[in-house]
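Heads up, the thing below is written out as structure tokens.
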Ligand SMILES: [Zn+2]
Ligand SMILES: [Zn+2]
């Protein structure tokens with residue numbers, strides 16, 4: 001998969017700690033719909049092969065947004081509406097079962 005560049009990053013302790021702290025700072029509230037369903041820490045500036053090693057992008061709380069699954073899907077896939085039930089998009093843009101989404105392991 002071409003998007004695997006971010007895999008090591010999402011598995012890193014630095015990211016997990018950062019995302020956990022960020023989620024806690026927002027009390028689990030989705031920043032868009034304001035419901036207490038925030039599970040995904042989204043990067044406003046999407047990660048790519050060029051910025052994946054730049055901590056001012058990847059670990060910068062200013063660049064993060066806590067979203068619920070619905071809002072996160074809407075953010076990344078405005079153009080594509082349908083996903084099978086029980087699936088979501090992970091931060092790498094891959095359709096994955098909800099329970100195995102990297103973000104949801106937080
Ligand atoms: Zn939401
Ligand atoms: Zn995202």
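The values are calculated or read from the model by the stated rules, or taken from the named source; none is laboratory data. Since the structure is predicted, the reported quantities are computational estimates derived from the model, not experimental observations. Heads up, the Cβs are rebuilt from the backbone with ideal geometry, glycines too, and the neighbour counts pull from every protein chain shown.
Quick notes
Here is a yes/no grid of residues against (1) more than 21 Å from residue 98 (Cβ to Cβ); (2) within 12 Å of the chain's Cα centre (by Cα); (3) more than 10 Å from ligand 1 (Cβ to nearest atom):
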| position | (1), (2), (3) |
| --- | --- |
| 5 | yes, no, yes |
| 12 | yes, no, yes |
| 17 | yes, no, yes |
| 23 | no, yes, yes |
| 26 | no, no, yes |
| 32 | no, no, no |
| 42 | no, yes, yes |
| 45 | yes, yes, yes |
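- Odd one out for residue 49 among (1) within 11 Å of ligand 2 (Cβ to nearest atom); (2) more than 21 Å from residue 98 (Cβ to Cβ): (1)
- Qualifying residues in segment 27-42 (those that are surrounded by fewer than 17 Cβ atoms within 10 Å (Cβ to Cβ) and touching a residue at least 12 places away in the same chain (Cβ under 8 Å)) - the one nearest to ligand 2 (Cβ to nearest atom): 31
- Scanning segment 84-101 for residues that are modelled with pLDDT under 75 and within 16 Å of ligand 1 (Cβ to nearest atom) returns 89, 91, 98, 101.
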